[in-house]
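J.: To start, I am sharing the structure in question, which I have written as structure tokens.
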Amino acid sequence: MISRSKFLTMIALGATVALLSAGPQRAQAADNLADLLIEASDGAALDNNRFDYDIIVQTVLALEGLGPDPDLGGATLLDVLSNPDAKVTVFVPRDSAFWKLARALGWDGKGGDAGVLAAITATLDLNTIRNVVKYHVVPERLGFFRVLFKRNFDTALPGASFTRKRLRLRDNEPDLPDPRLTFPLQLQAGKSVAHTITRVLIPVDL
């Protein structure tokens, strides 16, 4: 049974998330998450805007070169995100999250989004990057209230999970700050949903 104090805390968190989710939301007519993120990013060309989703989109496209993924039933990440019937939740890092990761990996701050991607791919191979992206995908649809009542999240990366404390998501990298949920939240497309986070979730100790 949930205690009264915990119940009130969850209500307060729910109100906070509702306010956060009221921020600018675009591309809500898309029927799959891939199209939603592309439309929300004005086509997802790499630029200097740290508040859209160009980098995650371009990363998923680049990962197509690895071919089918047994962890995804022989599909690719693009297949999953493009499927309007898929029931998944993606905790999606906006570009600023990748900028923070690149700086932690030694990026010199030059080149905008393209410089960020170059720095990350110079340090992490594509298979590792694919595992990082899969770590952001939860194979069930979780609206924000369900997120708030859930503590442990199993992901599309086998054996890898993360936990939640209030609006913070705790990953498996002890030396980098953990991501927080931020607006926009509850980005719905098809049968899937995405929630924006402030940093990249890392499944291992880098």
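The values are calculated or read from the model by the stated rules, or taken from the named source; none is laboratory data. Just so we're clear, the structure is a prediction, and the values are computed from it rather than from any experiment. FYI the Cβ positions are ideal-geometry reconstructions off the backbone, even for glycines, and counts take in every protein chain you see.
J.: Taking the conditions exactly as written (over 23 Å from residue 45 (Cα atoms) and crowded, with 17+ Cβ neighbours inside 10 Å), does residue 97 satisfy them or not?
T.: So residue 97 fails the test.
J.: State whether the residues of the range 15-26 include one that is β-branched (Val, Ile, Thr), closer than 28 Å to residue 151 by Cβ and modelled with pLDDT of 95 or more.
T.: So far as the range 15-26 goes, no, none of its residues is β-branched (Val, Ile, Thr), closer than 28 Å to residue 151 by Cβ and modelled with pLDDT of 95 or more.
J.: Any residue in the range 132-154 that is more than 18 Å from residue 90 (Cβ to Cβ), touching a residue at least 12 places away in the same chain (Cβ under 8 Å), out of contact with any helix residue (DSSP H, G or I) (no Cβ under 8 Å at 6 or more places or on another chain) and surrounded by fewer than 20 Cβ atoms within 10 Å (Cβ to Cβ)?
T.: For the range 132-154, residues more than 18 Å from residue 90 (Cβ to Cβ), touching a residue at least 12 places away in the same chain (Cβ under 8 Å), out of contact with any helix residue (DSSP H, G or I) (no Cβ under 8 Å at 6 or more places or on another chain) and surrounded by fewer than 20 Cβ atoms within 10 Å (Cβ to Cβ): present.
J.: Go through the range 44-79 and count every residue that is among the aliphatic types (A, V, I, L, M), without any contact (Cβ under 8 Å) to a residue 60 or more places away in the chain and surrounded by 18 or more Cβ atoms within 10 Å (Cβ to Cβ).
T.: 2
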